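Everything on this sheet refers to the single structure shown next.
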Amino acid sequence: MKTVSMGAPRSSTVKFRMPTRDNLVPIRVDVEVDGQRYRDAFTWNPRDPDTEIMSFAKRTAKDLKLPTSFVPQMFHSIQGQLADFRSYEGQDMQVKEKIVPLKIDLRVNNTVVRDQFLWDIGNLESDPEEFARTLCDDLNITDPEVGPAIAVSIREQLYEIASQSVSAMREAKMSKKRRAPEFASNSKAMNNAVDMFKYFGSKGSVIRKRKEWYLYAPVVDVISNEKTVVVAKDEAKL
Amino acid sequence: MATPPAPVPPATASTAPAPPPPQMPYKAPPFSQPPSTAGTVKAEIPPAAVSTAPPAAVAAAAAAGPATQDSPYIINVPSYSAWFSYGAVSDTERRLLPEFFEGEAGSRGPEAYTYYRDTLVRRFRARPARRLTLTEARRGLIGDVGSVRRVFDFLEEWGLINYGASAPGVKQGRDRREEAAAASQSSLPAGAAMSRKLCVGCSSVCGSAYFTCDKKNAFTFAYDQAEINICCRCYVRANYRPGLTPADFKKVEISEDAKSDWTDKETLHLLEAVLHYGENWKKVSEHVGSRSEKDCIARLIRLPFGEQFMGSKDQKLQFETDDDVADESRAEVSKRLRLTPLADASNPIMAQVAFLSAIVGSGVAAAAAQAAISAQSQVDMNDSLVDSSISSTKEEESPYTNGLSANDLLKEASANAQVQLEKEQKDIEQSLSDIVDVQMKEIQDKINRFEQKELLMERERQQLHHLRELLFIDQLAVVQHQSRPHPVIAENEEEKPKPVTITS
């Protein structure tokens, strides 16, 4: 089998954005008012005008029959996260082909999903939404709320990595190290990156070893209602 | 089946939530489908669509048989949404949600749109009696909430979602839909022409100015404009779909003149109507036609003698001040007014006087002027209007009396005027006496009725007296019986009524 030899990973510097096809921000809202708690996670398009945030907050409160005291807190939470995202936007971020493992470990209503997979954060055309859709279809997950949760989780991890890349670049610039940023950015996230050379080198193969299969197999559990209650209580304690 | 793409075809009616197999891309020519021949199909025509859809309205429900909204097998879809089909994007959607089709892929692309839309519709149709909320929907959809919200709102507006679903918000939803359907000129081909601009964003009447966007893309048709009008508030708040920027909008002023240009015809009608119906503004505005009651009143007040008209109606029986004006107005009404161009629209008083004098003719105008002069010389203060009408009609006289001897004309005119005046006075006296007669008759009738009532009351009183006496007798009898000793008192109490009734 002819082996493909890869050159040095090409890297480019782009303005900060989510390393996905759509520049969408994962938003997590956790508001508590008068003993009532509202937790939610969804994806937001930062190009939508801010007026949308208010109408979205009001509409959500109305749909979920929450008292209107929730609305200002929701609004501020969402706006704050969007502002954080936007604060990164002017800065440079390094983009190169780098495979990182992403993890999914969440519970939505009665479904528990645990998964681990590799993701190329240099691929600016990647689509967490499509991944989530496919995953749910393939694993026959009936609850429609699982998909968005998976997508948001992936996005959050990607966002984390991207923002780290931005801050790493900034550090590199500030510390005035003229060396190639790749060496400087050996932070924790990058250490997890998988070295593709190992696989594409002469002795490697892209096919995963059988003994590693269990690590990367998704696990979907549908738990009973009683257990859900227990698990929820545990989570609330955290 | 020639129906529009049936969401739940009869074949699969037994398995309610099962979605139909993806159909051929179905391009339904809007509003022109013949009713289905297969069985009884329920025609769902919401009020908004009735005004805009052609009479051969489309039958849009799925299965045959009596349609009940609660049954999960029958989904009702309004006729203006007949273009919908799973898996295919119709031109309506391309037109109204262009941000999904402008070449972007991913979260804003056509596949995403189709996915959102089909999922939303399927979810709703699984439980059509229940209203699908946006939060519930977006929690089950993988995508950014902004796009989901837009698709959701679009589907709700077009009745593909939450149509007839039971929820407190349903009435508002329908109203909003009707409003939106009526107000969005771009949605329906036969959109009613609005004289006032309704803002597409907040569905309120635009005030003095509004912003319009003429953004057309390849998918707009000749008979449709993707024209969006928003009021100033929405423009400032950026309350338009995100695909647009503020630069796309142009400001358009609505001037008061453009809105309410009272033509002569309308003014004529207004005056007529006021004289006929007096203060019944409803009838007045009907008579005038396309003016609301408020407009009529406002216009009337703005007329220089508007107040006088109001006054003349009230003081019809008194003939001190408004003689000439009343004459003129009645003359004009009786003559079935002809259209005349106003001499000079800028000066309203002049315009009105020129108008009236043109109507009644030169002779009568001159006569009126003469009479007014003579009246004025005697009675000073009352005729403010007639004053002005004198001076202006005098000026107006000259163009009409050119070439004729002023004196002769005046004499003739004054004689005519006198005769007419006397006739009018006689008529008025006659009608006065008639009115008085009628009033007297009324009073007479009333008196008669009262007398009858008195008689009746008298009779009743006598009856009451009689009854009272009877009662007194009964009481006496009872007391007497009570005083006599009896062995069993209970029996007495039972027996007592008997002897009492016999005596009465």
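The values are calculated or read from the model by the stated rules, or taken from the named source; none is laboratory data. These numbers were taken from a predicted model, which means no experiment stands behind them. Every residue, glycine as well, gets a Cβ built from its backbone with ideal geometry; the counts of neighbours run over all protein chains shown. Please note that ligands, DNA and RNA were not included when accessible areas were found on the heavy atoms of the full protein model with its side chains. Shrake-Rupley method; radii C 1.70, N 1.55, O 1.52, S 1.80 Å.
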>> The conditions are (1) modelled with pLDDT under 85; (2) within 30 Å of residue A:38 (Cβ to Cβ), and residue B:121 fails exactly one of them. Which is it?
In response: (1)
> Here is a list of conditions, (1) crowded, with 17+ Cβ neighbours inside 10 Å; (2) within 13 Å of chain B (Cβ to nearest Cβ); (3) among the hydrophobic types (A, V, I, L, M, F, W, C); (4) farther than 29 Å from residue A:225 by Cα, and residue A:100 meets all of them except one; can you say which number that is?
Replying inline: (2)
> Which ones in the range A:124-134 are facing another protein chain (nearest Cβ under 8 Å) and part of a loop (DSSP other than H, G, I, E, B)?
Replying inline: A:127
> Out of all the residues in the range B:74-107, which are open to solvent by 20 Å² or more (accessible area, probe 1.4 Å) and either within 14 Å of chain A (Cβ to nearest Cβ) or of a type in the set (Gly, Ala, Ser) (or both)?
Replying inline: B:87, B:102, B:103, B:104, B:105
> Could you give every pair whose Cβ atoms fall below 8 Å, whose first residue belongs to the range A:135-147 and is away from chain B (no Cβ under 11 Å), and whose second residue is small (Gly, Ala, Ser), counting only separations of at least 6 or pairs across chains?
Replying inline: A:141/A:147
> Quick check: anything in the range A:58-80 at the interface with chain B (Cβ under 10 Å from one of its Cβ atoms), under 22 Å from the mean Cα position of the chain (by Cα) and surrounded by fewer than 19 Cβ atoms within 10 Å (Cβ to Cβ)?
Replying inline: no
> If you take the residues in the range B:141-156 that are of a type outside the set (D, E, K, R) and within 21 Å of residue A:21 (Cα to Cα), which one is farthest from the other protein chains (Cβ to nearest Cβ)?
Replying inline: B:151
> If only one of A:106, A:118 is farther than 24 Å from residue A:39 by Cβ and aliphatic (A, V, I, L, M), which one is it?
Replying inline: A:118
> Just for the range A:83-96: of the residues that are touching a Ser or Thr at 6+ places or on another chain (Cβ under 8 Å) and not basic (Lys, Arg), which one is surrounded by the most Cβ atoms within 10 Å (Cβ to Cβ)?
Replying inline: A:93
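Quick one: is residue B:301 open to solvent by 40 Å² or more (accessible area, probe 1.4 Å), at pLDDT 80 or above and at negative phi?
No: the conditions fail for residue B:301.
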> Given A:28, A:114, which one is open to solvent by 50 Å² or more (accessible area, probe 1.4 Å), away from chain B (no Cβ under 14 Å) and part of a strand (DSSP E or B)?
Replying inline: A:114
> Would the range A:64-78 turn up any residue that is in contact (Cβ under 8 Å) with a residue 40 or more places away in the chain, in a helix (DSSP H, G or I), farther than 21 Å from residue B:143 by Cα and polar (S, T, N, Q)?
Replying inline: yes
